[in-house]
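K.L.:
Pasting a structure here, questions to come.
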Amino acid sequence: MHEGFAAGLSGIIPDPDRILTAPAVLERLSHDFYWYSPVLRPQLAPKVGDIVVQTVSVDEVVAVLRYAGQQGVPVTVRGAGTGNCGQSVPLEGGIVLDLSLMDKLEGITPDGVAVCEPGVRMALLETEARKLGWELRMYPSTFNKATLGGFLAGGSAGVGSVTHGSVRDFHTVRAVEVVTMEEEPRVVLLEGDAVHEVLLAWGTNGIITRVWLALTPAVAWTQMAIAFPMFEDAFYFSDMVARVLEWNKRLVTVFEWPLPSFFTPIQALVREGKALVFLMIATAQVAKLRALAESAGGEVTFSGEFEGPRVQPLLSDYIWNHTTLWAMKADPSYTYLQCSFDLSKCIEQSRKLRQRFGEDILFHLEFMKNSYETVIPAGIPVVRFTSEERLNEMIEFCRSIGVLVANPHVNELEGSGRFRPDNLQLEAKQRYDPRGLLNPGKMVSFRVEVPAIANG
Ligand SMILES: Cc1cc2nc3c(=O)[nH]c(=O)nc-3n(C[C@H](O)[C@H](O)[C@H](O)COP(=O)(O)OP(=O)(O)OC[C@H]3O[C@@H](n4cnc5c(N)ncnc54)[C@H](O)[C@@H]3O)c2cc1C
């Protein structure tokens, strides 16, 4: 990046404190939780942006993209940087566009649609929505830090997904406003199915600057922890709660032993040697569920009202990809896979994996609804890393027995399982970022079209 580049930016961003160049800051804001993957760790550690720009308005985003485009400088957008596949790590330097200051909840419509800037923290959204009788349909376990824009572009599912599916499902995202990286950047509104052009596209084909997010009526929830002697008992109980419509639930998670032993702050909820189930269940149904759990051989080790994002114990601090974090704290040789098991064969599949890989794979299931309205056991098993070959062998074996794997050890959309086979995201990139300047290197099927030179 040439020397005058920062000077040019200062004509766009009036506050010099929002143009950051200190090496330690560049290092921090160029990285996310990519280190979750021992494969990505050495690849992404040296990648650093040249400058961080913090915008506060759509006009500033447009001006930064126009300027970067004129100079041929790449732009990688960032929310809170909690992605765990290096989604927001700039592979080719350039500008890191930090949207965390564009964090306003602009309003909630009477029919429950939140209108927000992309940098709004998901926990704040949940808290504000509840004041008006609404709540988020789903949120990641990182909701205290994660931004809405980062979740829609780089996450997938979380608490609530057992009932409401993932960010791509059931028109949860009603519309998004996007700034394009064309020669003259435009602000476009994508509504209805057009939102899929940019959802889960890792900021490779447009910058989301406003979101219309459908909420759901708020429920009084209770968090419950239930210990079962065996993983299979825990699975069958959870499977029933997850799939029977009568149960109004927000979370159904199963951990096999020894995963619960890694959750150091909540050992009072854990029973030595036992599998653990975490639930969020409508408070009105707690007594009935407790009776059912006990009749199935479970011991309810905790039951308490969910009082919001900051009140402990917060079971979401241990679920989805937080489970991996606790495991890695206990033993740095652990890493993870992102899997979907077959509904009717989950136990058979887990037995095959145990037989083949022994204790090098530890089962952690998250029940979620898929786009066909079927509740399936997805999960983030914790696996021991010995070599990349062995990790790939695990992935291949999973696939050979019908367990789907979205590989979190690759730093590109196509391999990660987030790329749409209908090429909607790719076509949007060709339209909105024809020079390939947005988060370059992450959508590997994209090629810059070189105009043909006429003969003669
Ligand atoms: C401990 C832990 C637990 C996690 N649990 C979950 C979970 O439960 N569910 C889940 O889905 N994920 C989970 N994740 C992954 C991650 O936290 C979530 O996906 C989170 O929502 C990302 O939000 P963020 O603001 O940190 O995004 P970032 O990491 O900053 O960005 C993610 C991607 O989105 C792009 N992006 C950011 N903002 C925009 C924008 N405005 N427009 C276009 N592109 C944009 C970035 O370029 C990047 O590619 C977890 C990660 C960790 C480390």
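K.L.:
Keeping to region 277-291, report how many residues are over 21 Å from T142 (Cα atoms) and either surrounded by 15 or more Cβ atoms within 10 Å (Cβ to Cβ) or of a type in the set (S, T, N, Q) (or both).
P.N.:
6
K.L.:
Out of region 88-143, which residues are of a type in the set (D, E) and either touching a helix residue (DSSP H, G or I) at 6+ places or on another chain (Cβ under 9 Å) or not in a loop (DSSP other than H, G, I, E, B) (or both)?
P.N.:
D98, D103, E106, E117, E126, E128, E135
K.L.:
So, one more: In region 316-344, which residue that is surrounded by fewer than 19 Cβ atoms within 10 Å (Cβ to Cβ) and either away from the ligand (no atom under 14 Å from the Cβ) or β-branched (V, I, T) (or both) is nearest to S387 (Cα to Cα)?
P.N.:
By that ranking, first place goes to S333.
Matching residues to (1) at pLDDT 95 or above; (2) not β-branched (V, I, T):
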| residue | (1), (2) |
| --- | --- |
| A225 | yes, yes |
| M240 | yes, yes |
| V252 | yes, no |
| W257 | yes, yes |
| F278 | yes, yes |
| R310 | no, yes |
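K.L.:
Is it true that some residue in region 386-397 is within 16 Å of the ligand (Cβ to nearest atom) and surrounded by 13 or more Cβ atoms within 10 Å (Cβ to Cβ)?
P.N.:
Quick first cut of region 386-397, residues within 16 Å of the ligand (Cβ to nearest atom) only: none.
Within region 386-397 (the criterion being within 16 Å of the ligand (Cβ to nearest atom) and surrounded by 13 or more Cβ atoms within 10 Å (Cβ to Cβ)), the answer is no, since none of the residues qualifies.
K.L.:
Would a scan of region 185-195 turn up a residue that is within 9 Å of the ligand (Cβ to nearest atom) and aliphatic (A, V, I, L, M)?
P.N.:
Checking region 185-195: not a single residue is within 9 Å of the ligand (Cβ to nearest atom) and aliphatic (A, V, I, L, M).
K.L.:
So, of the residues in region 173-184 that are within 13 Å of the ligand (Cβ to nearest atom) and either under 15 Å from the mean Cα position of the chain (by Cα) or outside any loop (DSSP other than H, G, I, E, B) (or both), which turns out to be nearest to I380 (Cα to Cα)?
P.N.:
Selected residue: V173.
K.L.:
Let me ask something else about it. Just give me the residues in region 100-118 being farther than 22 Å from A218 by Cβ and of a type outside the set (D, E), in sequence order.
P.N.:
Correct list: S100, L101, M102, P118.
K.L.:
Here is a list: A63, A22, A68. Which entry is more than 10 Å from the ligand (Cβ to nearest atom), without any contact (Cβ under 8 Å) to a residue 24 or more places away in the chain and either of a type in the set (A, V, I, L, M) or crowded, with 18+ Cβ neighbours inside 10 Å (or both)?
P.N.:
A22
K.L.:
Assigned to a loop (DSSP other than H, G, I, E, B), buried (at least 21 other Cβ atoms within 10 Å of the Cβ) and among the hydrophobic types (A, V, I, L, M, F, W, C) - does that describe any residue in region 158-168?
P.N.:
Yes, there is a match, as at least one residue in region 158-168 is assigned to a loop (DSSP other than H, G, I, E, B), buried (at least 21 other Cβ atoms within 10 Å of the Cβ) and among the hydrophobic types (A, V, I, L, M, F, W, C).
K.L.:
Mind checking which residues of region 29-47 are in contact (Cβ under 8 Å) with a residue 24 or more places away in the chain and assigned to a helix (DSSP H, G or I)?
P.N.:
Hits for region 29-47 are L29, Y34, Y36, L40, Q43, L44.
K.L.:
With the requirement that a residue be away from the ligand (no atom under 13 Å from the Cβ) and free of Cβ contacts under 8 Å to residues at least 40 places away in the same chain, what does region 128-169 give you?
P.N.:
E128, K131, L132, listed by residue number.
K.L.:
Just give me the residues in region 220-238 being touching a helix residue (DSSP H, G or I) at 6+ places or on another chain (Cβ under 9 Å), surrounded by fewer than 20 Cβ atoms within 10 Å (Cβ to Cβ) and farther than 22 Å from L136 by Cβ, in sequence order.
P.N.:
Selection gives E232, Y236.
K.L.:
Check T76 against each of (1) part of a loop (DSSP other than H, G, I, E, B); (2) of a type outside the set (D, E, K, R); (3) within 9 Å of the ligand (Cβ to nearest atom) and name the one condition it does not meet.
P.N.:
Only one criterion is unmet by T76, namely (1).
Residues are listed down the side, and each one gets a yes or a no for (1) of a type in the set (K, R); (2) surrounded by fewer than 16 Cβ atoms within 10 Å (Cβ to Cβ); (3) not assigned by TED's automatic domain parsing to the domain that holds G83; (4) not in a loop (DSSP other than H, G, I, E, B):
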{"residue": "R418", "(1), (2), (3), (4)": "yes, no, yes, no"}
{"residue": "P421", "(1), (2), (3), (4)": "no, yes, yes, no"}
{"residue": "E427", "(1), (2), (3), (4)": "no, yes, yes, yes"}
{"residue": "R431", "(1), (2), (3), (4)": "yes, yes, yes, yes"}
{"residue": "G436", "(1), (2), (3), (4)": "no, no, yes, no"}
{"residue": "K442", "(1), (2), (3), (4)": "yes, no, yes, no"}
{"residue": "F446", "(1), (2), (3), (4)": "no, no, yes, no"}
{"residue": "E449", "(1), (2), (3), (4)": "no, yes, yes, no"}
{"residue": "A452", "(1), (2), (3), (4)": "no, yes, yes, no"}
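The values are calculated or read from the model by the stated rules, or taken from the named source; none is laboratory data. Model, not experiment: these values are computed from the prediction. Ideal geometry is used to build each Cβ from the backbone, glycine not excepted, and the neighbour counts take in all protein chains shown.
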